[in-house]
1. Which ones in segment 32-62 are under 22 Å from ILE214 (Cβ atoms) and surrounded by fewer than 18 Cβ atoms within 10 Å (Cβ to Cβ)?
2. How many of the residues in segment 118-157 are of a type in the set (S, T, N, Q), under 19 Å from ILE33 (Cα atoms) and within 14 Å of the chain's Cα centre (by Cα)?
3. So the check is Cβ under 9 Å with 6+ separation or different chains; which pairs have a first residue in segment 211-240 that's more than 16 Å from TYR177 (Cα to Cα) and a second one that's outside any helix (DSSP H, G or I)?
4. Run down ARG48, ARG64 and say which single residue is under 26 Å from MET1 (Cα atoms) and free of Cβ contacts under 8 Å to residues at least 60 places away in the same chain.
5. Can we say VAL70 is near the ligand (Cβ under 8 Å from one of its atoms), among the β-branched types (Val, Ile, Thr) and either surrounded by fewer than 23 Cβ atoms within 10 Å (Cβ to Cβ) or part of a loop (DSSP other than H, G, I, E, B) (or both)?
6. Any residue at all in segment 165-184 that is part of a loop (DSSP other than H, G, I, E, B), modelled with pLDDT of 95 or more, surrounded by fewer than 19 Cβ atoms within 10 Å (Cβ to Cβ) and within 10 Å of the ligand (Cβ to nearest atom)?
7. Which number in (1) more than 11 Å from the ligand (Cβ to nearest atom); (2) at pLDDT 95 or above marks the one condition that LEU157 misses?
8. Does GLY77 satisfy the criteria of being away from the ligand (no atom under 13 Å from the Cβ) and either touching a residue at least 24 places away in the same chain (Cβ under 8 Å) or of a type in the set (Asp, Glu) (or both)?
Amino acid sequence: MNWDNQRCLLTGASGGIGQALATALAEKGVSLILVGRNSMKLHELAGRLPGEHDVICADLSCVRERTALVTKVAELGGLTMLVNNAGVSHLSMLEDTSSTTIESLIETNLVAPMLLTQALLPLLQQDKPTQIVNIGSAFGSIGFAGQSAYCASKFGLRGFTESLMRELADSNIRVSYLAPRATATAINSELANAMNEALGNQVDMPSVVAQHFIELLEGGQSRAFIGFPERLFVKINGAFPSLVDKALLKKLPIIKRFIAPTFQEKRL
Ligand SMILES: NC(=O)c1ccc[n+]([C@@H]2O[C@H](COP(=O)([O-])OP(=O)(O)OC[C@H]3O[C@@H](n4cnc5c(N)ncnc54)[C@H](OP(=O)(O)O)[C@@H]3O)[C@@H](O)[C@H]2O)c1
């Protein structure tokens, strides 16, 4: 990986993982286009990073704002790197999840990165190697009770990444996928944090994700799954899913205790 003259558009830059990725990239000398909806947070971040960076505010789930973003990127002279990191999550049993929540989660986590990538492909400078990195999740490989919409979106993102990676394999664009496990950021509600603790799930700091992100780029890896035993579960779930079905069945009462009191009440 040659870090010279890199220009990266980073979505979700104002979030926990986004800020850590922005810091790691800026420290490598990368010039960033920081994207999110919160102008104040993005400008504050730009101000404390080393180097010169641009800020573009856009709600990625809005077609008009996405189109305006692409126009501004063209005016800024294109990119050498795109990191699709913006995302939202939601914890509830499917029965308790509104159709609006399902639609907006799939829109933000899957449809928006696909359409943004498609629109930005012509702006990725292909005279030298360029990068697209999609930030997935361990839940993009392991279906988890209470997270069906989130898992569906991240399974979709993983499929999109793999497909695009193979579609562009003979080009100068390298496509890769980084799957964090639970990470200490605002995406996790207090309930999610309490549930993670009860389930014995390890929680990483965002800086750990940033470190793996840099290793993925520098090592030229196509895929990386952060953390043990999550990395092993991803492999077992792929090869022998019924083993993981059994292991997760034991966790179901704990998950329901946290996220489905109404669900349980209805069945008493
Ligand atoms: N934290 C974890 O446990 C964990 C684990 C595995 C994977 N991940 C993945 O890591 C990525 C980053 O998450 P995080 O943990 O850093 O969460 P976070 O702190 O909540 O940050 C989410 C970021 O996404 C942006 N965003 C959300 N919806 C958007 C929209 N419609 N348009 C534009 N920007 C939008 C937010 O921007 P605003 O400032 O505008 O809200 C924010 O910058 C996500 O894809 C997430 O699924 C996280």
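The values are calculated or read from the model by the stated rules, or taken from the named source; none is laboratory data. Values in this document were obtained by computation on a predicted structure and should not be read as measured data. We place every Cβ from the backbone using ideal geometry, glycine too, and count neighbours over all the protein chains shown.
1. First, pick out the residues of segment 32-62 that are under 22 Å from ILE214 (Cβ atoms): 32-36, 42, 45-46, 48-54.
Passing the criteria: ARG48, PRO50, GLY51, GLU52, ASP54.
2. Step one: of segment 118-157, the residues of a type in the set (S, T, N, Q) are 118, 125-126, 130-131, 134, 137, 141, 147-148, 153.
In the following step, the residues that additionally are under 19 Å from ILE33 (Cα atoms) were identified as 118, 125-126, 130-131, 134.
Right, trim to within 14 Å of the chain's Cα centre (by Cα) and you get 134.
So the answer is 1.
3. As it stands, the answer is PHE228/GLN202; PRO229/GLN202; PHE233/SER141; PHE233/ILE142; ASN237/SER141; ASN237/ILE142; ASN237/GLY143; GLY238/SER141, since those pairs meet every condition given.
4. On the way: ARG64 fails: under 26 Å from MET1 (Cα atoms).
Selected residue: ARG48, the only one of ARG48, ARG64 that is under 26 Å from MET1 (Cα atoms) and free of Cβ contacts under 8 Å to residues at least 60 places away in the same chain.
5. On the way: near the ligand (Cβ under 8 Å from one of its atoms): no; among the β-branched types (Val, Ile, Thr): yes; either surrounded by fewer than 23 Cβ atoms within 10 Å (Cβ to Cβ) or part of a loop (DSSP other than H, G, I, E, B) (or both): yes.
Answer is no for this residue.
6. Scanning segment 165-184, I find at least one residue that is part of a loop (DSSP other than H, G, I, E, B), modelled with pLDDT of 95 or more, surrounded by fewer than 19 Cβ atoms within 10 Å (Cβ to Cβ) and within 10 Å of the ligand (Cβ to nearest atom), so the answer is yes.
7. Failed condition: (1).
8. Details: away from the ligand (no atom under 13 Å from the Cβ): yes; either touching a residue at least 24 places away in the same chain (Cβ under 8 Å) or of a type in the set (Asp, Glu) (or both): yes.
Considered against the rule, which asks whether it is away from the ligand (no atom under 13 Å from the Cβ) and either touching a residue at least 24 places away in the same chain (Cβ under 8 Å) or of a type in the set (Asp, Glu) (or both), GLY77 comes out as yes.
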